[in-house]
Each structure stands twice: as C-alpha cells, then as structure tokens.
Amino acid sequence: MAVVHFSTDQRQHTGGTPEVTIDAANVRDLVRQLSERYPSLNAHLVETSSTAVAIDGEIIPDPWLEELFETSEVHLVRPLAGG
Amino acid sequence: MSRTHVTCEVNGDAVDFLTEDGESLLNALRDELGLIGAKEGCGTGDCGACSVIMDGRLQCACLIFAPEADGASITTCEGLASADELHPLQQCFLEGAALQCGICTPGFLIAAKALLDENPDPTETEVRYALAGNLCRCTGYDKIVRSVLEAAVQIRTPA
Amino acid sequence: MSTTEAPADTGTNGNGASGYRWVGTRPVRHDGLDKVAGKARYAADLNLPGMLYGHILRSPHPHARIVSIDTSAAEAMPGVKAVVTGADFPEAPPKGATRNLMCTVIARDTVLYSGHAVAAVAASTRREAKAAAEAIEVTYELLPHVLNISDAMADDAPVLHDNLFTRGVEPRPTEPSNIAARTVYERGDVEQGFAEADIVIEREFSTQAVHQGYIEPHACVVDCDQEGKAVIWASSQGHFMVRSSTATVLGWDTSRIKVIPAEIGGGFGGKTTIYIEPVAALLSTKAGRPVKIVMSREDVFRATGPAPGAIIKMKVGARNDGTITTAKAWLAYENGAFQGIAAMLGCMCVVSAYTLDHLYVEGFDVVLNRPVNVAYRAPSAPAAAFAMDSVVDEIAERVGMDPIDLRLHNCPSQGDPTPYGPKWPMIGLRECLEAIRDSDHYQSDLPAGQGRGVATGFWFNIGEASSATVNLNENGTATVITGSPDIGGSRASMALMAAEELGIDPHSIQPVVGDTEVVGFTDVTEGSRATFATGMAVVEACRDLKEQLRKRAAKTWDCDVEEVEWVDGSAVHGPGEQEPLTLAAITGNAKRTGGPLGATASLNARGAGPAFSVQVADVSVDQETGRVTVERYTTAQDAGTAIHPSYVEGQMQGGVVQGIGWALNEEYIYSDDGNLENPGFLDYRIPVASDLPMIETCIVEVPNPSHPYGVRGVGEVGIVPPLPVMANAIADATGVRIGDLPLSPPRVLAALTAAES
Amino acid sequence: MKYAAPTTIDEARALLAADGDAIVFAGATDVVPQMRGGRPEPSMVVDLKKIDRLMSVSLDGDTWSVGAAVPTSVLTADAVFTADFPGLSEAAGLIGSDQIQNRCSLGGNLCNASPAADSVPALVVNDAIAVIAGGGGERRVPVAEVVTGPGQTSLAHDEIVVCFELARPAAGTSDAYLRLIPRTEMDIAVVGAGVRLTLDGDGAVSAATVALGAVAPTVVRVPAAEAALAGSSLDDAALAAAAAAASDACNPIDDKRGTIDYRRQVAGVLTRRAAGIAADRIRTRNGQQGDS
C-alpha cells in the first residue's frame, strides 16, 4: 500500500486525480499497476526513459526494486542531473 | 620539415632541443623537455597557466616562440623546490589549501615567486593585482592570496 | 551548528569537530605535492611513443545541411595518418538522449551550431593536423537559425528537429517545434493567494548563457590496438561515463574500452559528458597509433556545454506582515541544440527556499542553434534564484522588513512540502539564515556609499552509484581505491573518513582514483555527490574491514569475536585479558591468520541531503560608469558535516566567485550570423584576483541523517545566491533594480540613466 | 614559418624587403593570439628584441628616447620616466597582466593599430614622435599620424618603428590616463582617455591636450575639450564642457565590449576625471617643490 501523488503534468494522464492508493510491494510493481490504470501515463513514464521516485521525501534514482510500505508517500519525479 | 636547434638553461640545467620555428616555448618545454608543469589554458596569454620566468621576467610561455629561448635562462614550476625542501610558496599552498583542481597552480606559484622576488612584503591588494594575469576557476582566489601572503612572511623571517 | 571563519588548524594531530578524531581536521591533501611540484599528470600531459595529434574541423555556420565533405586534399597532406567524418560513425537513432550524444560528438547530415564537429584528422604534429583539417572541403546548404529563446519559441521559427513535439502538453502537439518540453508544478490556488496578498510584485528577468570556464581544456589520449581494444586517458568527471558514452557513440561493447582517469583540471559540471574521446578512438583505430586530442580554448567556448540562458517571469504576492502568500512563475531555458532538462530543474528550484500554500510554476525547455547545454554547478538554480530572490528582496523593502527576517518568516522546515511535491527532509536553511544574520558582516554598519544585498540558494544534491575498495597493507597502512575523479580534494576527504573508521592517521592512508578495470562502477562526480556517496562506500568498506579485524584479533586471542572491540585503531579485548592489538600488528600477521585484509563496497547512495546557502555582499557602484565593486562578501552554507573544512570553504568560495562572475560580467555574445564573438578569456570575463575581496565563510553543520558522518555535499549550491545577491546589493546602493544579467558597466549605467530621466 | 632575430635595423629591414609576407614582432602579445584566432601564419616572424636601439631607454638632455620594443614593465619600473609621464607610465602598466607587460612594447601597441590601444592616447597627449627607419633613412612622425585605421598604419612594409621621442614636460605640466574596463585587469579598454595639462602659477590651465581611445577607428584628439580646459581654472563648468566635448568627439561602434551610448557617456566622465588627476599631480609636485 502506498499513496502516489501526481504532479500537475501527470494529472493530465490520470483524469485529474491528484493521488491514488496502490497496493504494491515495490516501485516496479507500482509502475506496472499505474500503467495499467492510466495507459497514457505509462507512455509518459517510458518516454522519460527512466523515472526516479521520491519516497517519503527522499529522491531515489533507479528505484525499481525499492520496497514500499503502507505509509509510503510516493512522488514520481524525473531523474536529476547535477554539476 | 626543418627544425631549429635551441640551447638554453632551464631550472639551472643546460639543455637543448629541436623545434619548429612557429612552435611555442610552452610546447617545447612540455614535449621536448618533458617539463609538464606549465599548462596551456588558453594559448593567448590570457590565463597565466603557462607562466615561466625567462631572463628574470615573468612571461607566458604560450606567447614565446620557442627559438626566442636560445641563450635564455628559464625557471619553471619544477625548478622551485630543492632536493629536500619545497619552496615556501609550495608549502604554503599545500597547507593553505590554495589549490583544488591544481591546473593553474604551477602558473600561480611562478607568478607569486616573481612578485616576492621583487616585493618581499606585498599588501593583499598588491598580491591580487600581481596575480591578476593568472586565472583560477576553483578557489575564488581567497586561499591563494592568503597563502602567498603567508609565504611572504616565512621568506622574510626564516625559521 | 558550528561556524568556521579562517583556517586555524592545518595540522594532522586530530582536532575534529563533533567528537571526531580526524573528520573535521585539515591535513595536507595527498595529491598536493605532485600538484605544487608540477608533476601531476593531466590528460594533455601524457605522451605515448608514436603518438599522433588529432584536430577537429568545426562548422562555421549555426545551422546548415552538410551537402558533401571532400577529405582527399587533407589525406594527401604531409604527416596525415587518418581522417574521419560523421559517415565513419554508426548511424544515430532518430531521437532521444543517445542521438543527442552521438550527434554532439560529430555532426551527421546537419550542423546545429557554429562549432559543431564535422570531421577530424590525425597527423604526426599538431601543426600538420591543423593544416590538414583546414584543407577538408565541406559544402554546406545554409538553413535559417535561431539564437535566442523568444525567436525559437515564435510560431514561425525555423525548427531544429522535425521530430520534436512538445512533451508535457496534452493533447500532444501535431506540429514539431523548438519547445522540447513543458513542466508544471502547482499547489493550492494562486488566484486565492493573490487575493490574500497586500502587495503583488510582477517582474521579468533574463540571464545569459555562461561557460563553466574550467582552466583545463578538454583533452584525451586514446590508444587502440589491433584486437579492437582501446585505452583512454581522459579528463572527465566520470571515467565510467566516458567508457559507456564512448562505447555508445562507437557502437562498441564496453569491454573493449578501458578508461584511465587523468588528473582533471576543473569541470564544474562541464565534464559530465564527452566530446572528443570517440573521435580520437576512431582516428587511433584507423591509424593504428595512439592519438591525442586537446581542445583549443576557442573550441571549448564554441563547442562545449555552456549553462543555459533563461527568461523568467515572476508574480509574487505577500501580506504586509511579510508572509508570502503565493508565487506564479513562468520560466523558459535555453537547451542548446538538443533537448535537455534545464527548465524542469529551474521549475523545481525557483521557489524552493520559501513555504507557499499556493504556487503555479510553468517551464519550457527550448532548443536553439547553440551548443548543447551541460550541467554547471547547481544547474538552472542560479537563474531561478535570481528571479525569486530579487522579487523577495523588493517585497522586504516594500513591507519594511529586514530581508533576512522576511526569509526566516517564510522558511520551510522538515516535513513541509517542497514545491515539486515530496516533503522536505532535515534541512539547514533556517540555520544558514541565522548564521548570516548573526555574522560579523551582517551585524556591521554598511560603509557610506555602499549597498548591501542578501539572497538564498537551494540545490538538491544527488546520490547515485559508488564503489570503493579498501586494502590494508602489511605495515598497517591502507589503500583506498574509489571510482570518483577528484575534482577538488575528494581524495583527502576519503582518507579522512577511512582514518576515522579505522582509527589510523589520514596520512597512513593512500587514496587512489582507480581506472575502470580496478574499481567497481561509480557514477560521475556531479551533484555534490563524491564525498557524500563515494564516502559512504568508503565507510561501508571500512566497517566491513573492522569486522574482519575483530575476527582476526579474536582468532589470535582464541576468544569470541563479541569480546573484541575496535577502539582508536586497535582491537581491544573487552574482558581486558589481552594487550590491545594495533591495526599494524594484525596486518603484519595477516598471512598467518587467514590472509590479506581487504573489503569492497558498492552501493546506490540514498538520502542525499538538500543543500542551502545564504550569502551577503556589500558593493559600491560607480554612478558615472556603472562599474560595480564587490567590497565585502560572506557566505553561509549547510555542509551537513565538513569532512575537510578547508576544502569545504574552498568549494563555498569558488562557487561564490563563479556566481559573481555570472552576475557581473560573464555572458555568451553571439553575432547575428550565429558565431560566438567572445570565445576566449579576454572577452569572456571570468573574475580575476584583483576583482574580489576575501570571501568569508560560515560553515553551517546540520548533519544529514542519511550519511554515516552527516555529509550533505557542498560542491554546488554556493553558485546560486550570488546572482540575486549582486542585484539586490546594487539596488540597495542605487535604488535601481535590474532584471537582466550580466550587471556589466554598460547595463548598469543604462539603467541608472533611464531611472534618472 | 621561419623565425629570425636580427641584431641591426638594416638586417631587419633587409629581411622584410626580401619577404613581403614577413612581419616584425616584439612581444607577440597580439600576433600570437591573432594567429590562434585564425590569422594566417606569415612566412617569417622577425624578432626585434635583439636590436639594441629598439631595446634601450635613454634621457638625452630634455628628450627621452624609448626603444620601440622595450617591454612596458621597464617603463613602469623607471622612476624618473614615470615622474615625467605618470599617465603614459600608467597606460603602459594597464596593458594586460604582468606577464604581458614583460613582453609588450609601445611600438607593438602602436603598430598593432587597435583603436583601443592603451598607450597611444597617452603618447599622443605628450606629443610623442615615432622615429621610423625606412628606405630613405629615418623619418620622424607624430604618433597620431602612424595609425590610419583599425589594423592599418602609414608604415611601408619594410619600415620599422625604432623608438619614440618625448620631450620632458615643461614646468607645471603633467598627464593622466584612465580607461574603463569591466574587470579590474586583463581587459581591452572600452573607453580610454589621456589628458595632459600645464598650469600656470595661479593654477589656471595654460595648455591642455586630450586624446581618446576605443571611441573611433583611431585615437581621437579632442580640440574642443582642450579649448574648454585651456584658460580655465578647472572649475566645474570647464570640466563639464570638456566632458561634453569629449563625448561629442566620439565616433564609436556597438560591439561586444560596449555600446555607442556607453562609450560616449563614459568618454566624458573619464576625460573629466583624468584632467582632475593631471591637475592634482601638478599641484602635488609644485607643493613638494615649494616645500623643499
């Protein structure tokens, strides 16, 4: 169980839904379920080539097998780059 | 391709090398003599990374045609330390963390030596203006200026 | 929190902060002697037997179709051993990051900026290579070009890529454009926020492209053999990146490539990508000889990543008590010739130093006929902070509040939402604001005729993958091998953390940056991550070693390992029946107790701590010439924990001065025909020593709970505040606010003159 | 490309006469960057630094002779020369870094023919004469007549500037040079202003010369500014009139270093300030002489 919060961009693909609760063991499972529920969001996720997530405030790149818990708050973000 | 034979003194050693006339002294030092301390940051005299002292004058080796060095006496960064001791400037740069990436460091050390040879007790402002021909992009100059001032004190008052 | 003003302790006797023995001390860096003696080897310093020199021919046009390339004259010239063009490289996919990388290294059908690589020559001497490259005949069909954001976003703009459709707009556009992506972050209701405000300030800002300005031009030596293997000596922020990127561009398997990191002469983000390595590799393969390519300074400016210019429109509302009720931002960032993420990052950063119930941030990534933009220290954040912190300063003035107090009043803390969604972890913005407020500088009276400005800066910091191997030597010393190129003293930090863990002197530790075949995969030194993430791997490996050392002691003493503690570099028998065994005693005996001792750790670092900086400057402005002089400058920055305070201060000071350069005089100047007019250090004016005062530092330490020593990473955020600091200080000195950078003498004087009339 | 280092002027001229593509250099501080920037390599570079006369500075009676190839750092370090021409010495000390000033020369700065050359306005206000060796022997030409346009001089291919002659300043005379650059060092002048004044015993200006750099294709003498200063007591009105005249005399361009408006505006400011500095120098010297 995790609460996924959608950004304004992403809400274009969720019919305006700002957040959704999903029963997923890890991020890969979460993304798979999101893609089924919101097919165009899938395109969005794939198009960005890799997606980072923030879980409980911590931005995690390459997060696919990251475990999720009932209280996890998830934001889908794009990977960052730095100097 | 004809090459010119150049004989000079570098860091106290009599040396000679062959060079194309249009080559810079910087490339001759680096490629023919293996003295890699002087760096090319711009090739146009704007960054000071290639600073050397030739015949008592601080100059950019990138602006010197290699044949000009014939008969000259040249000091590079490699000539600063003695066998068992670093030059006070080198020691102060190390202890004062006056270098980050280090690419500009040899040029700064030579420019600072030229300054202290002429003016053993410079003010901060004099140090800053004397080093204005040497670009550093890492440090913001703060620790370089402090280290040069500290080295000046040490040179004036040997332990 | 602790503050540090001037380096006091430069010894290695152990006087660390926060109860550490070594962490927080200032030993001489391990690679220092080679660097002051002129012995350190950078990529351009390497010469191999039989080595050739490569020279790259670049486009003189900003946008053109390559009709034909005739290399026959070049091939016939003396000393020429190999010539390559885009046709010699694998075909690029139609779009995406791989195409962008491949087409940046060498143009295929189209050149997209003046300076775009078109062909290359390897010859026996530099001069022969240059002459031959200039003899290559390229026929171009000129195409219309766009050089600035407004032109590129116009409906009738010439389009760079006919398969680029704006991402982030639904429904997806049917026509291609130069707008690569749109990003939106939104919370609450901005109109309600404006309704709640007593004052609303609306301003427009612009910044120009600036270069990272590292003093070492890009350089590499590549030696390809007859078995198809390549050894690359590279100047880069990440040699594993060089390996994978070179393999991608050449269509090679990575196992064909070994990359040896040379010392790197500065990067600041600019060396997080490649330009020349695949070209040298192909030339070397063709010639059967090693090839060196060193960029000229002009090529560095014309063809390597500047940081983007931007246009930002801000509308901010506030109540008379200083509460910022809402912010609305519109941002457009140059991306260079290929799509990037500059505007997205700008959107994430623009209001991050403030708590807002209502916000709407919209950003556009725009491609145009300039070189691809590349990360530069906290990419995109400086322009964003320039806009927001200029407006915030105006609000403080309007409501009659001290600018630090106003920022404290609106300061986010742990658990508050970030503008881009997630909640803030533990952050030190408040502590940085207080450090500046309490500083001698801020408490001092402003000298007559000067102006004072303050501003904040935010940067994420990032984690990523790192590996470290720590080997204990028989004499009790240790070798620490990591995969992070040392760009500003990180080897010393690695040694300090290993010293703290193992309990031995940092100078008993040799830190080494290993090549791609001796150490595990490590991401680029970027995002302020080396001391944070690679340091974490070093600590993990050392902790593994401490376990092994305890086991060896237990074996030696024939006791239970639980009875052995590791204290101050020695195994101590808990019950006290044995004399302690020093690390050297254990390693000296290691072969007889089970073999040599070593450990490796590889990890994805989690929990990079966000970084904040607050800065204050006093300036004087020559009202008749518009020249600005920085009289005094102080910066406070949250380091988490300063492992080597001297190099933390160095990062802070260096970032500040780069920011001052960006604010005052640095800019890319293009002629109408699309050529860069100032591709050299004479007219691209980075600050010189006489332009500056000392940069006073307050290291703030709000430890990052996700790092064993609390490290946040300090490399980047320092460059963010100087842009608004300078603008705010000039406004304080003159009463005139300027929204366009750089604040060069002509621009300042024009603004003063306009304000007078 | 060949390098030659003749030791006599005749030898140098013979090399030039034999090779229409050969060029002379002293410090190469302009020549090398130009070649890096795409200027074709000449067939020969003739180094003038081995010719004694071009490398010597001498004071003969009331006339200074400054070798055309003398590094400008030699001039700035020469206390007597600097006391006579503080403005010219300052201008010579503004050309690039210490590294550059140890190579660059007044001859090179003039013959490179950049509109922004720092030493030229300072030479012009001091009525410097260029001594030029050519086919018919030596000719003596006012410095202001050597440069004809950006990169262009009135010298024939085989002519060489040998030295500059400067009369020692008369009593009550001094000069000043100011330039505007965005940084504190290492830039090319956006505007340069040289002023020489002579004050009479009452502190009134009995003679004034004003020359501007970087505001027109060549250095500009500003007779209107000179007229405004002459006869005045350097009161605000006279200084303002001189500043306005200087601004009016500008014929600048918009380029990467500055705008037309900016150059006009600042030319006036620098002229006014330089006049003030020159006057202060005269008063200080008079004061010192009065004390002694």
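The values are calculated or read from the model by the stated rules, or taken from the named source; none is laboratory data. Just so we're clear, the structure is a prediction, and the values are computed from it rather than from any experiment. Because the Cβ atoms are built from the backbone with ideal geometry, glycine has one as well, and the counts that use them run over all protein chains shown. With ligands, DNA and RNA removed, areas are computed over all heavy atoms of the protein, side chains included. Shrake-Rupley method; radii C 1.70, N 1.55, O 1.52, S 1.80 Å.
What's the number of the condition C:Ala554 fails, among (1) in a helix (DSSP H, G or I); (2) touching a strand residue (DSSP E or B) at 6+ places or on another chain (Cβ under 8 Å); (3) touching a residue at least 40 places away in the same chain (Cβ under 8 Å)?
It is condition (3) that C:Ala554 fails.
Exactly one of (1) open to solvent by 20 Å² or more (accessible area, probe 1.4 Å); (2) modelled with pLDDT of 95 or more; (3) hydrophobic (A, V, I, L, M, F, W, C) is unmet by C:Val169. Its number?
Against the list (1) open to solvent by 20 Å² or more (accessible area, probe 1.4 Å); (2) modelled with pLDDT of 95 or more; (3) hydrophobic (A, V, I, L, M, F, W, C), C:Val169 comes up short only on (2).
Collect the residues in the stretch B:110-129 that are in contact (Cβ under 8 Å) with a residue 12 or more places away in the chain and within 15 Å of the chain's Cα centre (by Cα), keeping them in residue-number order. Quick ask: steps written out before the conclusion?
Taking the stretch B:110-129 and keeping what is in contact (Cβ under 8 Å) with a residue 12 or more places away in the chain, we get B:110-116, B:120-122, B:124, B:127-128.
Matches in the stretch B:110-129: B:Ile110, B:Ala111, B:Ala112, B:Lys113, B:Ala114, B:Leu115, B:Leu116.
Quick check on the stretch C:219-250: of everything there that is within 14 Å of chain B (Cβ to nearest Cβ), touching a strand residue (DSSP E or B) at 6+ places or on another chain (Cβ under 9 Å) and open to solvent by less than 10 Å² (accessible area, probe 1.4 Å), which residue is farthest from B:Leu99 (Cα to Cα)?
Only one residue fits best here, namely C:Val221.
Can you name every residue in the stretch D:198-219 that is crowded, with 17+ Cβ neighbours inside 10 Å and over 19 Å from D:Ile181 (Cα atoms)?
Within the stretch D:198-219, D:Thr198, D:Leu199, D:Val205, D:Ala208, D:Thr209, D:Val210 meet the criteria.
What's the number of the only condition in (1) under 30 Å from C:Ile509 (Cβ atoms); (2) outside any loop (DSSP other than H, G, I, E, B) that C:Gly38 fails to meet?
(2)
Looking at B:Cys101, B:Cys92, B:Cys77 in this structure, which one is more than 20 Å from D:Val31 (Cα to Cα), in contact with a Pro (Cβ under 8 Å, 6 or more places away or on another chain), within 11 Å of chain C (Cβ to nearest Cβ) and not polar (S, T, N, Q)?
B:Cys77
Anything in the stretch C:704-723 that is under 25 Å from C:Tyr20 (Cα atoms) and in contact with a Ser or Thr (Cβ under 9 Å, 6 or more places away or on another chain)? List them, or say none. First the steps, then the outcome.
Going through the stretch C:704-723, the residues under 25 Å from C:Tyr20 (Cα atoms) turn out to be C:704-715.
The answer is C:Asn704, C:His707, C:Tyr709, C:Gly710, C:Val711, C:Arg712, C:Gly713, C:Val714, C:Gly715.
In the stretch C:310-338, which residue that is surrounded by fewer than 24 Cβ atoms within 10 Å (Cβ to Cβ) and either among the small types (Gly, Ala, Ser) or within 21 Å of the chain's Cα centre (by Cα) (or both) is farthest from the other protein chains (Cβ to nearest Cβ)?
C:Gly322
If you scan the stretch C:128-156, which residues turn out to be free of Cβ contacts under 8 Å to residues at least 60 places away in the same chain and surrounded by fewer than 19 Cβ atoms within 10 Å (Cβ to Cβ)?
C:Ala154, C:Asp155, C:Asp156
Based on what the data block shows, is C:Leu664 open to solvent by 10 Å² or more (accessible area, probe 1.4 Å), under 30 Å from D:Arg273 (Cβ atoms) and within 12 Å of chain B (Cβ to nearest Cβ)? Can you show your working first?
Numbers: open to solvent by 10 Å² or more (accessible area, probe 1.4 Å): yes; under 30 Å from D:Arg273 (Cβ atoms): yes; within 12 Å of chain B (Cβ to nearest Cβ): no.
Against the criterion (open to solvent by 10 Å² or more (accessible area, probe 1.4 Å), under 30 Å from D:Arg273 (Cβ atoms) and within 12 Å of chain B (Cβ to nearest Cβ)), C:Leu664 does not qualify.
Quick one: how many residues across the stretch A:39-60 are at pLDDT 75 or above and within 12 Å of another protein chain (Cβ to nearest Cβ)?
Selection size over the stretch A:39-60: 11.
Conditions tested, residue by residue: (1) at the interface with another protein chain (Cβ under 10 Å from one of its Cβ atoms); (2) in a helix (DSSP H, G or I); (3) at pLDDT below 95; (4) surrounded by fewer than 19 Cβ atoms within 10 Å (Cβ to Cβ).
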residue	(1), (2), (3), (4)
C:Gly674	no, no, no, no
C:Phe681	yes, no, no, no
C:Val702	no, no, no, no
C:Thr753	yes, yes, no, yes
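Pairs, please: C-beta under 8 Å, at least 6 apart or cross-chain, first residue within 14 Å of chain B (Cβ to nearest Cβ) and part of a strand (DSSP E or B) and in the stretch C:190-217, second among the aliphatic types (A, V, I, L, M) and crowded, with 22+ Cβ neighbours inside 10 Å?
Here the result reads C:Val210/C:Ala307; C:His211/C:Val300; C:His211/C:Ala307, each pair linking the stretch C:190-217 to a residue that is among the aliphatic types (A, V, I, L, M) and crowded, with 22+ Cβ neighbours inside 10 Å.
The rows are residues; the columns are (1) within 13 Å of another protein chain (Cβ to nearest Cβ); (2) touching a helix residue (DSSP H, G or I) at 6+ places or on another chain (Cβ under 6 Å); (3) closer than 30 Å to D:Val191 by Cα; (4) modelled with pLDDT of 95 or more.
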| site | (1), (2), (3), (4) |
| --- | --- |
| C:Arg543 | no, no, no, yes |
| C:Trp566 | no, yes, no, yes |
| C:Gly588 | no, no, no, yes |
| C:Ala601 | no, yes, no, yes |
| C:Phe612 | no, yes, no, yes |
| C:Val619 | no, yes, yes, yes |
| C:Gly640 | no, no, no, yes |
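Are any of the residues in the stretch C:4-26 modelled with pLDDT of 95 or more, closer than 30 Å to B:Ile36 by Cα and in contact with a helix residue (DSSP H, G or I) (Cβ under 9 Å, 6 or more places away or on another chain)?
yes
Is the stretch C:52-65 home to any residue that is touching an Asp or Glu at 6+ places or on another chain (Cβ under 6 Å) and open to solvent by 40 Å² or more (accessible area, probe 1.4 Å)?
Yes, because at least one residue in the stretch C:52-65 is touching an Asp or Glu at 6+ places or on another chain (Cβ under 6 Å) and open to solvent by 40 Å² or more (accessible area, probe 1.4 Å).
Among the residues of the stretch C:642-660, is there at least one that is open to solvent by 20 Å² or more (accessible area, probe 1.4 Å) and either over 30 Å from C:Lys315 (Cβ atoms) or outside the structural domain of C:Asp622 (by TED's automatic domain parsing) (or both)?
Taking every residue of the stretch C:642-660 in turn, at least one turns out to be open to solvent by 20 Å² or more (accessible area, probe 1.4 Å) and either over 30 Å from C:Lys315 (Cβ atoms) or outside the structural domain of C:Asp622 (by TED's automatic domain parsing) (or both).
Considering only residues that are among the acidic types (Asp, Glu) and more than 14 Å from chain A (Cβ to nearest Cβ), which ones fall in the stretch C:378-431?
Matches in the stretch C:378-431: C:Asp389, C:Asp393, C:Glu394, C:Glu397, C:Asp402, C:Asp405, C:Glu431.
Could you pull out the residue among C:Glu517, C:Glu474, C:Glu547, C:Glu501 that is touching a strand residue (DSSP E or B) at 6+ places or on another chain (Cβ under 6 Å) and not polar (S, T, N, Q)?
C:Glu517
Please indicate, with yes or no, whether at least one residue in the stretch D:41-51 is touching a Ser or Thr at 6+ places or on another chain (Cβ under 6 Å) and open to solvent by 50 Å² or more (accessible area, probe 1.4 Å).
The answer is yes; a qualifying residue exists.
Is one or more of the residues making up the stretch A:20-40 within 22 Å of C:Ser380 (Cβ to Cβ) and open to solvent by 50 Å² or more (accessible area, probe 1.4 Å)? Full working, then the answer.
Initially, the stretch A:20-40 is screened for residues within 22 Å of C:Ser380 (Cβ to Cβ), giving none.
Taking every residue of the stretch A:20-40 in turn, none turns out to be within 22 Å of C:Ser380 (Cβ to Cβ) and open to solvent by 50 Å² or more (accessible area, probe 1.4 Å).
So which of C:Asp405, C:Asp416, C:Asp445 ends up being open to solvent by 20 Å² or more (accessible area, probe 1.4 Å) and over 20 Å from C:Val616 (Cβ atoms)? Show your work before the answer.
Values: C:Asp405 fails: over 20 Å from C:Val616 (Cβ atoms); C:Asp445 fails: over 20 Å from C:Val616 (Cβ atoms).
Of the residues listed, the single one that is open to solvent by 20 Å² or more (accessible area, probe 1.4 Å) and over 20 Å from C:Val616 (Cβ atoms) is C:Asp416.
Among the residues of the stretch C:73-94, count how many are under 21 Å from C:Glu134 (Cα atoms), part of a loop (DSSP other than H, G, I, E, B) and among the hydrophobic types (A, V, I, L, M, F, W, C). Reasoning before the result, please.
Taking the stretch C:73-94 and keeping what is under 21 Å from C:Glu134 (Cα atoms), we get C:73-89.
Then keep just the ones that are part of a loop (DSSP other than H, G, I, E, B); that gives C:76-79, C:89.
Remaining after also requiring among the hydrophobic types (A, V, I, L, M, F, W, C): C:76-77, C:89.
The qualifying residues number 3.
Select from the stretch C:683-700 the residues that are facing chain B (nearest Cβ under 9 Å), open to solvent by less than 10 Å² (accessible area, probe 1.4 Å) and either closer than 13 Å to C:Ala611 by Cβ or out of contact with any helix residue (DSSP H, G or I) (no Cβ under 7 Å at 6 or more places or on another chain) (or both) and list them in ascending order.
Hit for the stretch C:683-700 is C:Val688, nothing else.
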